1. Name the residues in segment 212-224 that are closer than 26 Å to Met249 by Cα and either open to solvent by less than 30 Å² (accessible area, probe 1.4 Å) or touching a residue at least 24 places away in the same chain (Cβ under 8 Å) (or both), would you?
2. Go through (1) loosely packed, with under 15 Cβ neighbours inside 10 Å; (2) in a helix (DSSP H, G or I) one by one and return the number of the condition Arg196 breaks.
3. Any idea how many residues of segment 10-32 are touching a residue at least 12 places away in the same chain (Cβ under 8 Å), surrounded by fewer than 18 Cβ atoms within 10 Å (Cβ to Cβ) and among the polar types (S, T, N, Q)?
4. Keeping to segment 53-62, report how many residues are in contact with a helix residue (DSSP H, G or I) (Cβ under 7 Å, 6 or more places away or on another chain) and either loosely packed, with under 11 Cβ neighbours inside 10 Å or at pLDDT 90 or above (or both).
5. Do we have Ile35 as β-branched (Val, Ile, Thr), within 30 Å of Trp202 (Cβ to Cβ) and surrounded by 15 or more Cβ atoms within 10 Å (Cβ to Cβ) here?
6. Just give me the residues in segment 121-130 being at pLDDT 70 or above and under 24 Å from Lys27 (Cβ atoms), in sequence order.
7. State all residues of segment 271-304 that are of a type in the set (Lys, Arg) and under 29 Å from Ser260 (Cβ atoms); if no residue qualifies, say none.
8. Kindly list, by first and then second residue, each pair from a residue in segment 268-282 that is in the same structural domain as His293 (by the TED database) to a residue that is in a helix (DSSP H, G or I) and at pLDDT below 95, limited to pairs with Cβ atoms under 7 Å and residues at least 6 apart or on different chains.
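The values are calculated or read from the model by the stated rules, or taken from the named source; none is laboratory data. All figures in this text were calculated on a predicted structure; none of them were measured in a lab. Methodologically, a virtual Cβ is constructed for each residue, glycine included, from the backbone with ideal geometry; neighbour enumeration extends over all protein chains shown. These accessible areas exclude ligands, DNA and RNA; they are computed on the full protein's heavy atoms, side chains included. Shrake-Rupley method; radii C 1.70, N 1.55, O 1.52, S 1.80 Å.
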Amino acid sequence: RFYWDLIMLLLMVGNLIILPVGITFFKDENTPPWIVFNVLSDTFFLADLVLNFRTGIVVEDNTEIILDPHTIKMKYLKSWFLVDFISSIPVDYIFLIVDLETQVDSDVYKTARALRIVRFTKILSLLRLLRLSRLIRSIHQWEEIFHMTYDLASAVVRIFNLIGMMLLLCHWDGCLQFLVPMLQDFPEDCWVSVNRMVNDSWGKQYSHALFKAMSHMLCIGYGQQAPEGMTDVWLTMLSIIVGATCYAMFIGHATALIQSLDSSRRQYQEKYKQVEQYMSFHKLPGDTRQRIHEYYEHRYQGKM
């Protein structure tokens, strides 16, 4: 199960990075590598869904492990089953079946309705980004496995997780900046048309979209130009709100981590302040206060 979780963790990270890029920037998603990657991912996630019904649960604040299949099933159904099931819907199996059936009549794809259906299925693929919830759970499990009780190791892991999550949100926002104009057939006032990048390579499109997203999220500007169309305006507002929230969370977490790194010294200072207030309230002589102070310094060495 440990090695299976490691494989699933790597697969989840790959999915969360590759899927938005593939859905947004690649018009032809029927290439063999893309189909193999997605079908393989769907198969693994469906297998993981089944395995979760057969994996023991560790009871919180206890050493007891629940191994009863019925209890495991009920707990999983009440907790994460729905999110895992939606994120594991095998969309690419459906794509393959549709492709095989429509090879006979290729004119179907030429109609406007079929194009809308294809675009809708591309949006459906984004459901698999719900696997982010599994990634967060996996990180918590790994912290428990390695017993991240040491202050410095725990702080490094948490900071790394936070930076990784912020970069992932920037990546998703960059893809969204391009996906929305693409679904609208690139209107003239959208940033892609203004910069004449409709027919450029996906690398250039992604780089500009990511730069635009990071400019919004870090609140340092609008990218190369201010938003013109209403869609760009709303996307910019969404990016700024998400970015400001991430920035506030990062500052809060970083402050808490810096304080927790030296929690023993802080506890000593709080305790000694109580002692000082006690001595001041009882009006103890100066030499007695000095002796008590020296005792505390010698006894605790500045740490509780």
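1. Filtering segment 212-224 down to residues closer than 26 Å to Met249 by Cα leaves 212-223.
Passing the criteria: Lys212, Ala213, Met214, Ser215, His216, Met217, Leu218, Cys219, Gly223.
2. Result: Arg196 passes all but (2).
3. 1
4. 1
5. Values: β-branched (Val, Ile, Thr): yes; within 30 Å of Trp202 (Cβ to Cβ): yes; surrounded by 15 or more Cβ atoms within 10 Å (Cβ to Cβ): yes.
It is true that Ile35 is β-branched (Val, Ile, Thr), within 30 Å of Trp202 (Cβ to Cβ) and surrounded by 15 or more Cβ atoms within 10 Å (Cβ to Cβ).
6. Scanning segment 121-130 gives Leu127, Arg128, Leu129.
7. Applying the first criterion (of a type in the set (Lys, Arg)) to segment 271-304 yields 271, 273, 283, 289, 291, 299, 303.
Residues satisfying the conditions are Lys271, Lys273, Arg299, Lys303.
8. Qualifying pairs under 7 Å: Tyr268/Tyr300; Tyr272/Tyr296; Val275/Ile292; Val275/Tyr296; Met279/Arg289; Met279/Ile292.
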